[in-house]
Every structure is written in C-alpha cells, then in structure tokens.
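The values are calculated or read from the model by the stated rules, or taken from the named source; none is laboratory data. Small disclaimer: the values here were computed from a predicted structure and weren't measured. Here the Cβ positions follow ideal geometry from the backbone for every residue, glycine too, while neighbour counts run over all protein chains shown. Areas reflect the complete protein model, heavy atoms only, side chains present, ligands, DNA and RNA absent. Shrake-Rupley method; radii C 1.70, N 1.55, O 1.52, S 1.80 Å.
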Amino acid sequence: AYLAIEKVRFADMIQYEIQMEADENDLILPLLIEPIVENCVKHGITGIKKLNIEIRIRETDGYLAVCIKDDGKGMDEERLEEILHSGKQAGSSIGISNVKKRLSMYYNQQLVIISSPNNGTEVQFTIPKGAIRYE
C-alpha cells in the first residue's frame, strides 16, 4: 500500500516488484518491511533516473527470507557502519533502529545491509517461519 501511494506521488520515478515465494498466511510483525521500503524511496531517489525497488519474500529451511533491494543512491561505508553499529541518532535512522531492535527482541535475528554509492542498497533478514500466530 505504501508503494502504491508513492507511485502516485512520484509517477514515473518509481517502479517496484514484489515477489512472494512463501505462504501468504505466514505472519510477521507489522512494520518490519515498511520502514525499509520507506528508506528506499526517501534516500534512493536521485531525481535523474527511475528508482527500481524489489521486495522478495521466500521460504527456506523453516525461515522466511526477506530481501528489499533498490538501485538508488546507495551509501558510503562510513554511513553504512554508522547505521549498522550505532543506536538511534537524533532524527536519523529511527526506522532502521526500530527494525533492528524488533528483529532482535522477537526473532533473535539481525538485519543485514549491503550498499555502496551509486549502486543501491540491499537489506536482508530472516525470521523463523510460524513464530507469530494470531488465534
């Protein structure tokens, strides 16, 4: 839903694809994927070329593997280290910080971010399949 809204807002500047290779009834905590996708849009758009975003969720060995990838601006190693290894900073990385904490608390999992300038960013995490159940 978030990407559909942003697609209207940015028209031809965003293209996205969602690949679901898992049971759609498997549940994950709300707001694990959206803040990452929001960062793709917020930090990835260059204004020069179309931003391509790919969201892939697949089942593998009792886990759900989630990968969110864009071909936007990317970030340098210093900024990436700052995001990965520091806590919440004033006005910066709040969404990613929250996702990292929730992955750790609820699933005992970590966030993996791969990025380089002008080559986009890829964010990955896995969660145990069936860890969240609503009855």
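Before moving on, here are some points about what is shown:
- Loop GluC sites (Glu not before Pro), the range 9-73 (other Cβ atoms within 10 Å of the site Cβ: 14 or fewer; DSSP): Glu24
- For the range 1-114, the tally of Lys pairs with Cα-Cα distances below 20 Å comes to 17, considering only residues 8 or more apart or on different chains.
- Per-atom-type breakdown for the chain gives carbon and sulfur 49% of the accessible area (1.4 Å probe, protein chains only).
- Of all DSSP-defined beta bridges confined to the chain, some 75% are antiparallel rather than parallel.
- Available extension along the chain between Ala1 and Leu80 is 25.7 nm, counting 0.36 nm per residue and deducting the alpha carbon span.
- For the range 12-98, the set of trypsin sites (Lys or Arg not before Pro) satisfying both a DSSP loop assignment and a count of at most 10 other C-beta atoms within 10 Å is given as Lys49.
- Solvent-accessible area per residue, Å², over the range 1-132 with all protein chains present [probe radius 1.4 Å]: 59
- His43 versus Leu27: modelled label distance in nm, points set 7 Å from Cα along the beta carbon direction: 3.1
- Of the three principal axes defined by the Cα atoms of the chain, the extents in descending order read 46, 32, 24 Å.
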